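Visitor: Please read through the structure below; I'll follow up with questions.
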């Protein structure tokens with residue numbers, strides 16, 4: 001009987017050993033965390049036919065968007081929970097400073113009433129839109145095939161909640177100066193009935209039923225979010241400055257910093273997907289399915305924006321330019 005070979009201990013986790021270098025904090029805390037991908041036939045190590053297991057097998061494992069190793073995806077910003085909180089704590093300190101300073105200066109009392117009416121119609125109802133973005137990102141967090149993808153979606157979920165809370169705070173502030181305008185009272189009715197919002201409402205409510213993880217990513221990150229960013233953020237921020245609402249312009253600038261990070265990881269995921277033959281056709285088919293809804297949402301909302309000019313055309317062109325830049 002021979003003595004069994006003594007295994008040489010690894011210097012790091014086995015899935016990181018091939019890199020032959022000390023793993024970064026990002027690699028240690030972000031990679032290969034999904035236990036539900038270990039056994040594709042039984043994602044939860046339970047009965048492979050119970051409802052949740054079937055859901056993950058159908059909408060994640062059987063997605064037409066394929067790659068042999070989704071765990072190879074890396075967030076280009078390499079954000080981890082610790083650094084996300086440090087970064088966004090600084091952003092929130094900045095936003096709170098804006099709110100306090102402009103409040104002390106009596107900013108809202110200097111706004112014209114017609115512009116306040118525009119905010120009541122086109123800004124404060126965005127709480128419902130941002131909540132839909134939050135829900136879409138949360139679903140992608142759960143269904144994505146790799147933890148590095150899920151992490152990006154999780155931070156995106158938190159960003160959407162930040163946008164929502166900023167809007168809710170401003171809703172309350174505006175209600176104290178323009179009580180007769182309906183701030184904090186009529187947003188749900190406006191969201192559900194006003195023609196300006198029906199394109200976005202249709203877009204996000206349909207996107208929330210894109211169960212396949214790949215289609216959910218395309219609908220949310222390549223159609224919905226770019227449409228929101230170029231209108232409810234960028235176009236509204238421009239209009240706000242034109243109407244003396246410097247505070248809203250600066251708040252939106254801060255939110256667009258988040259949006260740029262969202263686009264960076266979406267771009268990297270598309271680049272990775274396009275490495276595999278057949279994925280380009282899959283992605284383009286989904287873009288073709290969802291893009292008309294995105295364009296309609298942009299046109300409906302911009303039609304209600306005062307002095308909008310070419311805002312709708314510019315927003316549509318910007319979203320199309322973004323998709324072309326990533327190969328779609």
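The values are calculated or read from the model by the stated rules, or taken from the named source; none is laboratory data. Note that the structure is a prediction, hence the values are computed from the model and not measured. A quick note on method: Cβ atoms are made from the backbone with ideal geometry, for glycine too, and the neighbour counts reach across all protein chains shown.
Visitor: Residue under question is residue 65, and the condition is that it be more than 30 Å from residue 24 (Cβ to Cβ) and either out of contact with any strand residue (DSSP E or B) (no Cβ under 8 Å at 6 or more places or on another chain) or not in a loop (DSSP other than H, G, I, E, B) (or both); does it hold?
Guide: When the stated conditions are applied, residue 65 does not pass them.
Visitor: For region 292-327, which positions are at pLDDT below 95 and under 19 Å from residue 259 (Cβ atoms)?
Guide: none
Residue by residue, here is whether (1) buried (at least 22 other Cβ atoms within 10 Å of the Cβ); (2) under 12 Å from the mean Cα position of the chain (by Cα); (3) at positive phi holds:
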| site | (1), (2), (3) |
| --- | --- |
| 145 | yes, no, no |
| 156 | yes, yes, no |
| 179 | no, no, no |
| 183 | yes, no, no |
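Visitor: Oh, and also: Scanning for something farther than 27 Å from residue 147 by Cα, buried (at least 20 other Cβ atoms within 10 Å of the Cβ) and either at pLDDT 95 or above or in contact with a helix residue (DSSP H, G or I) (Cβ under 7 Å, 6 or more places away or on another chain) (or both), does region 251-270 turn up at least one residue?
Guide: yes
Visitor: Does residue 240 count as more than 21 Å from residue 60 (Cα to Cα), out of contact with any strand residue (DSSP E or B) (no Cβ under 8 Å at 6 or more places or on another chain) and surrounded by fewer than 22 Cβ atoms within 10 Å (Cβ to Cβ)?
Guide: no
Visitor: Pairs only if they're at least six apart or on different chains, beta carbon under 6 angstrom, first in region 194-211 and closer than 15 Å to residue 231 by Cβ, second surrounded by fewer than 16 Cβ atoms within 10 Å (Cβ to Cβ) and at pLDDT 95 or above; list them, first residue then second.
Guide: Filtered contacts from region 194-211: 196/304.
Visitor: Restricting attention to region 283-328, which residues are out of contact with any helix residue (DSSP H, G or I) (no Cβ under 7 Å at 6 or more places or on another chain) and surrounded by 14 or more Cβ atoms within 10 Å (Cβ to Cβ)?
Guide: Scanning region 283-328 gives 284, 289, 314, 320.
Visitor: Hey, could you check region 92-105 for residues that are touching a residue at least 60 places away in the same chain (Cβ under 8 Å) and out of contact with any helix residue (DSSP H, G or I) (no Cβ under 6 Å at 6 or more places or on another chain) and say which is nearest to residue 258 (Cα to Cα)?
Guide: If we take residues in region 92-105 being touching a residue at least 60 places away in the same chain (Cβ under 8 Å) and out of contact with any helix residue (DSSP H, G or I) (no Cβ under 6 Å at 6 or more places or on another chain), then 92 is nearest to residue 258 (Cα to Cα).
Visitor: Filter region 106-144 for residues that are assigned to a helix (DSSP H, G or I) and without any contact (Cβ under 8 Å) to a residue 24 or more places away in the chain and give the result.
Guide: Within region 106-144, 138, 141, 142 qualify.
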